[in-house]
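The values are calculated or read from the model by the stated rules, or taken from the named source; none is laboratory data. Bear in mind the structure is a predicted one, so any value in this text is a computation, not a measurement. The protein model used for the area step is the full one, side chains on, heavy atoms only, and it has no ligands, DNA or RNA in it. Shrake-Rupley method; radii C 1.70, N 1.55, O 1.52, S 1.80 Å.
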Amino acid sequence: MASYAHTLRHWLRGLEPRVLAHLHGPLLQRMRPWLDRREVFNFNRRPLALGVAIGMFCGLIPGPLQVPATFAACAWLRGNAIAGALATCYTNPLTIVPLYLLAFQIGQWVLPGTQTLPPLPSMGDGAADWMQGLLVWVQAMGWPLLVGLPMLGAALALTAYAAMQALWLSPAIKRAWQQARRRHKASHAKMT
């Protein structure tokens, strides 16, 4: 795990100058002071972990609003926007249905009374019909989905934040643990 963390940190440190070089381009030149203050492209532990957490939360937002919402939240909360945008990729046409089912289940556990899950639409005549049926299905989920989505998003965000912190700190913790063991062995050898 420590070697993966070291490789990830090394890759991110190499990516940072390339991203920052784009800030000097004509498109973002005017916004550069604001972006620098907001740490939107900062590749250190806290902004990266926060960006991934924001991306995990915003990944449950429907369709094309995921990345703009992630960028806005990263700018507001000082998270890394690139890590946040990449983290939204966990939702796609294959994963969104199971995630919404899980969110519905969470909402069902929280809300009083009994809620029934509407039947999942069949593929029917094609992808367009299925997408239409999927939109109707999501709307029919109602309050359990509306309550469950933010709760699932918060759980995913907290888990991602903790995982990124642990991944970033694991090499340092391992080094400290090894140094402590060496000191302990050295002091034990002096006593005998």
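The mean accessible area for residues of the range 46-131, using a 1.4 Å probe and ignoring ligands and nucleic acids, is 54 Å² per residue. Shape class for the range 142-185: prolate, because the ratio a/c of the largest to smallest gyration tensor axis (alpha-carbon atoms, square roots of eigenvalues) is 1.5 or more and a/b beats b/c.
Shape of the range 58-126 from its Cα gyration tensor (a ≥ b ≥ c, root eigenvalues): rounded if a/c is under 1.5, otherwise prolate when a/b > b/c, or oblate? Since a/c reaches 1.5 but b/c is at least a/b, the shape of the range 58-126 is classed as oblate.
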